[in-house]
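Below: one structure, written as C-alpha cells.
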C-alpha cells in the first residue's frame, strides 16, 4: 500500500488560514483546538522592509521519523495505519500528556475539556471514502498543501519552486 502524506510547500504559503478553518469545520474542533496551525514570522530583509514568512504546522504522519508519539503512548491510543496515517483513538487516551512532549512538530494538542490529547488524523474518514483531507481539498488559496504519495508530491513542489524562481 502506498504511504500517504500531507506535504506543505511553506515557501508558497501566504497565511490565508483557509486550511485552519476547513479543518475546524470538518472536525468540529472545540475553540482553541487546532489540528493544523499557520504560524506567522516576520523576517526583515536587508532593505529594512518587513517580509512575512508562514509556517504551516500539523502532524507529518508517514513523513515523521520514527513516530515518537506512537512509541511513548502507554495505552496504544495512537497507531499507524498501513497507509502511514497516524490515528489517535481518543477513547483509549488517558490524557497522560506524554505524546505532546514527544512530538517533534508540536502537532498534538491537549484538550482540557475532554481530558485527552488530540491531533490531525489526516481526515481518514474522508480518505477512506476516496476524498482528500479537508485542508487540502481545494481550500488552500496558494495551492501549497499537497496530499498523496510523498514520492509523487516532492517533484511537483520542486517544479513549482523552479517556476517561481524564474519569475
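Of all residues in the range 14-28, those satisfying the criterion of being in contact with a strand residue (DSSP E or B) (Cβ under 7 Å, 6 or more places away or on another chain) and either in a helix (DSSP H, G or I) or free of Cβ contacts under 8 Å to residues at least 24 places away in the same chain (or both) are 17, 19, 20, 23. Taking residue 98 as the residue in question, decide whether it is on the phi > 0 side of the Ramachandran plot, surrounded by 15 or more Cβ atoms within 10 Å (Cβ to Cβ) and touching a helix residue (DSSP H, G or I) at 6+ places or on another chain (Cβ under 6 Å). No, not satisfied. Of the residues making up the range 137-149, those that are surrounded by fewer than 18 Cβ atoms within 10 Å (Cβ to Cβ) and either under 13 Å from the mean Cα position of the chain (by Cα) or outside any loop (DSSP other than H, G, I, E, B) (or both) number 1.
We did not get these values from a lab; they are worked out from the coordinates using the rules stated. Just so you know, these numbers come straight off a predicted model, no measurement behind them. Cβ: placed from backbone, ideal geometry, glycine included. Neighbour counts: every protein chain shown.
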